[in-house]
Amino acid sequence: MDEVKINLTAKDMPRKWYNVLPELTDPLAPPLDPETKKPISPDQLEAIFPKALIEQEMSGQSWIDIPEPVLEIYKLYRPTPLVRARRLEQAIGTKARIYYKDESVSPAGSHKPNTAIAQAYYNKMEGVKRLSTETGAGQWGTALSFACKMFDMKCTVYMVRCSYDQKPYRGIIIRSYGGEVFPSPSDKTSVGRSILAKDPGSGGSLGLAISEAVEDAASHKDTKYALGSVLNHVILHQTITGLEVKKQLEIAGEKPDILVGCVGGGSNFAGLVIPYMPEKMQGEKIRFVAAEPQACPTLTKGLFTYDFGDMARQTPLLKMYTLGHSYFPPPIHAGGLRYHGESPIISHLTKHEYIEARAYFQNEVFDAAKIFMQSQGFVPAPETSHAIKLTIDLAREAEPGQVIVFLYSGHGLLDLGAYDAYLKGELQDKAFSDEEIAEALKACPSVGF
């Protein structure tokens, strides 16, 4: 039983990113100014983002050229392989065909450099000296510190404290690339200090870490902010994965029936499915299915409404599925999925029933990761394992011959503490109750738009 790995050469790598915004028959709701509740103007974002990325955020172009310096760094690891998971198919007894797009081969071990490299480049071109950012499990912080080094820039990372403690090796890699990393809440920002004053043992959240990074960028003239997920320009850069998958499946003579990914902010999942939106909109029977944690069930239990992207309410208001910006998710090991909101694009497409979602507990996710490890041999990240769990469930439900593709968004070689806890039976399954959801959602602003 030979494994099938479909590789592309560097000359086959996509030269353009795909922007779905012009294709939407029902336009995306605009970001709003929190004070006026009116659509935000591009110049209001210039304090934290470079002009080029603001233009991409609001672009009406379907295809945007990938700059040559970005392509040159992409070539360190792209194109990434598409793998037929035959042993996984055999292990679970399915007649479906399972493929996974392996983004773990990047220097950071995940899909995150696809946008980190682009964001560092555009900031460098506008004279920015330093980037500040947040990170959950550490994959985004690792990717941005790598990208900043490629363009001789400084990088400051605010890492959610519970993940900072769970995954110390992520911090080591960030510092090895030349970045600096602080556990969030930290004493480096006013919002961090205010939280520590109330709760010195706070485990933090992505919403809080975003607040710290935004405050840092806004208060230093040589610094801009970089976000690893959620926003339109981030989704744009990630479409290189789905565009490669299209070419690879054509080589294999396959068409996908189901596309699968995990969702926190939505970038890896969107990068896979967005290039297939034209086919979906034209009536092709292709399913887009997202996996998220029961401890942070944004798409499955959240409310589609305007909310802040961060806890300190420093960001514009985004229309998205949200659990409330004040929500502190339990400290599960899938740190990259512990975000209260969701990408406006993914939220919009979910609301219009192009996307389905399922939520899982930690232990069943690690059960699926073990099946994958013991059949395919590789150690998946806890976030990626959500996609694996969903893929296994869908494969067991599938008709013979159906093709399922999931995004293997990152490896778990720096998540062995989580595996140790799982193997010892120490992982706790936590869910977000309806009462807690209702309470957290009370903090969402009232917007008559």
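Here, each number is a calculation from the coordinates, and none is a lab measurement. The model shown is predicted, which means the values in this text are computed figures rather than measured ones. Heads up, the Cβs are rebuilt from the backbone with ideal geometry, glycines too, and the neighbour counts pull from every protein chain shown.
Counting helices only, and only those DSSP H runs with n ≥ 4, report the 222 nm mean residue ellipticity of the chain as the sum of -39,500 (n - 2.57) divided by its residues, in deg cm²/dmol to the nearest 500.
On the way: 18 runs with 175 residues, N = 449.
Helices in the chain give a 222 nm mean residue ellipticity of -11500 deg cm²/dmol.
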**Q.** Viscosity 0.890 mPa s, temperature 25 °C, Stokes-Einstein D of segment 231-297 from Kirkwood C-alpha radius, µm²/s
**A.** 195
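Taking 8 Å as the Cα distance limit and 6 or more residues as the minimum spacing, I'd like the relative contact order of the chain as a percentage.
On the way: 987 pairs, mean separation 85.9, N = 449.
This gives 19 percent for the chain.
For the chain, take N as its residue count and report Rg(C-alpha) divided by 2.2 N^0.38 Å.
Values: Rg = 20.1 Å, N = 449, 2.2 N^0.38 = 22.4 Å.
Against the compact-globule rule of thumb, the ratio is 0.90.
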Q) Under the rule that a partner needs its Cβ under 4.7 Å from the first Cβ, which Cys of the chain have none? A) CYS162, CYS262, CYS296, CYS444
(Q) For VAL181, what residues show an amide H to amide H distance below 5 Å, using hydrogens built from the backbone and excluding near sequence neighbours? (A) VAL157
Q.
Can you compute the equivalent ellipsoid semi-axes for segment 317-449, i.e. the square root of 5 times each eigenvalue of the Cα gyration tensor, sorted largest first and rounded to whole Å?
A. 29, 21, 12
Q | Other-chain or far-sequence residues with amide H under 5 Å of TYR99's (modelled H) | A | ALA85, ILE404, VAL405, PHE406
Q) Considering only DSSP beta bridges whose two residues both sit in segment 202-335, what percent are antiparallel, to the nearest 5? A) 55
Q.
Suppose we keep just the alpha-carbon trace of segment 95-202; what are its Rg and Dmax in angstrom?
A. 15.7, 56
Q. Near ALA213, within a Cβ-to-Cβ distance under 11 Å, what is the net charge of the other residues, with Lys and Arg +1 and Asp and Glu -1?
A. -3
Q | Only Lys, Arg (+1) and Asp, Glu (-1) charged, at Cβ; segment 209-330 dipole about Cα centre in debye | A | 280
Q) So what is the relative contact order of segment 1-69, in percent, for Cα pairs below 8 Å that sit 6 or more residues apart? A) 45
Q: In vacuum, with every alpha carbon of segment 128-258 counted as one equal point scatterer, what does the Debye formula give for log10 I(q)/I(0) at q = 0.21, 0.22 Å⁻¹? Two decimals, please.
A: -1.15, -1.23
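Give me the net charge for the shell around THR322: Cβ to Cβ below 14 angstrom, other residues only, Lys and Arg +1, Asp and Glu -1.
Counting the neighbours of THR322, the net charge comes to 0.
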Q. Distance from the Cα centre of segment 32-57 to that of segment 395-431, in angstrom?
A. 37
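How compact is segment 14-157 by the rule of thumb for globular proteins, expressed as Cα Rg over 2.2 N^0.38 Å?
Numbers: Rg = 18.6 Å, N = 144, 2.2 N^0.38 = 14.5 Å.
That ratio works out to 1.28.
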Q. Around HIS386, with a cut-off of 10 angstrom between Cβ atoms, what is the net charge of the other residues, counting Lys and Arg +1 and Asp and Glu -1?
A. -1
Q) Relative to the Cα centre, what is the charge dipole magnitude of segment 31-188, using +1 at the beta carbon of each Lys and Arg, -1 at the beta carbon of each Asp and Glu, and rounding to the nearest 20 debye? A) 840
